[in-house]
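The values are calculated or read from the model by the stated rules, or taken from the named source; none is laboratory data. This one's a predicted model, so the numbers in the text were calculated from it and none came from an experiment. Cβ: placed from backbone, ideal geometry, glycine included. Neighbour counts: every protein chain shown.
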Amino acid sequence: MRTRMLAVAVDCREAEALAAFWKEALGYPETERWTDGHGATYVELKSPDVPSLLFQPVPEGKSGKNRLHLDIAPTELEQREEVARLVSLGAKVLEDPEADPWVVMADPEENEFCVLPRR
């Protein structure tokens with residue numbers, strides 16, 4: 001028997017705001033929210049085709065480089081256009097090496113991700 005991945009959980013300070021960024025960035029169609037017994041609100045972005053992204057509030061901020069990151073690629077725009085679109089949503093470019101085919105970016109809470117060429 002195998003286990004399947006349900007979601008990628010993202011620790012964050014502002015679950016609503018970070019989920020809104022990623023919903024716009026990736027086009028997830030559904031948003032689900034729930035509150036735990038301590039009053040913390042979780043936001044889950046859902047899509048029938050890919051694992052969910054779950055934004056869970058934590059009190060501490062990001063302290064170092066991510067040990068896991070997302071690689072994303074535009075389906076319609078060229079890579080440079082997608083990078084510009086993501087910057088307009090609140091991301092920033094961290095590294096844009098000419099030797100590599102990816103651009104390293106950070107979301108509004110400084111979580112690193114890479115934008116690859118259109119696929």
Check your understanding: Do we have any residue at all in region 52-65 that's charged (D, E, K, R) and farther than 23 Å from MET5 by Cβ?
Key -> yes
Check your understanding: So GLY39 clears everything in (1) on the phi > 0 side of the Ramachandran plot; (2) crowded, with 17+ Cβ neighbours inside 10 Å except one condition, right? Which one?
Key -> (2)
Review point. Are any of the residues in region 19-33 in a loop (DSSP other than H, G, I, E, B), among the charged types (D, E, K, R) and out of contact with any strand residue (DSSP E or B) (no Cβ under 7 Å at 6 or more places or on another chain)?
Key: no
Check your understanding: Is it fair to say THR3 is among the hydroxyl-bearing types (Ser, Thr, Tyr) and over 21 Å from LEU89 (Cβ atoms)?
Key -> yes
Exercise for review: Report yes if VAL93 is outside the structural domain of ALA17 (by TED's automatic domain parsing), of a type in the set (A, V, I, L, M, F, W, C) and surrounded by 17 or more Cβ atoms within 10 Å (Cβ to Cβ), otherwise no.
Suggested key: no
Exercise for review: Note down all Cβ pairs under 7 Å where the first residue falls in region 49-71 and is in the same structural domain as GLU112 (by TED's automatic domain parsing), the second is among the aliphatic types (A, V, I, L, M), and they're at least six residues apart or on different chains.
Suggested key: ASP71/LEU116
Point to revise | Criterion violated by ALA17 - all others in (1) closer than 21 Å to VAL104 by Cβ; (2) surrounded by 13 or more Cβ atoms within 10 Å (Cβ to Cβ); (3) modelled with pLDDT of 95 or more satisfied | key: (1)
Check your understanding: Quick check: anything in region 101-112 more than 17 Å from the chain's Cα centre (by Cα) and outside the structural domain of VAL10 (by TED's automatic domain parsing)?
Key -> yes
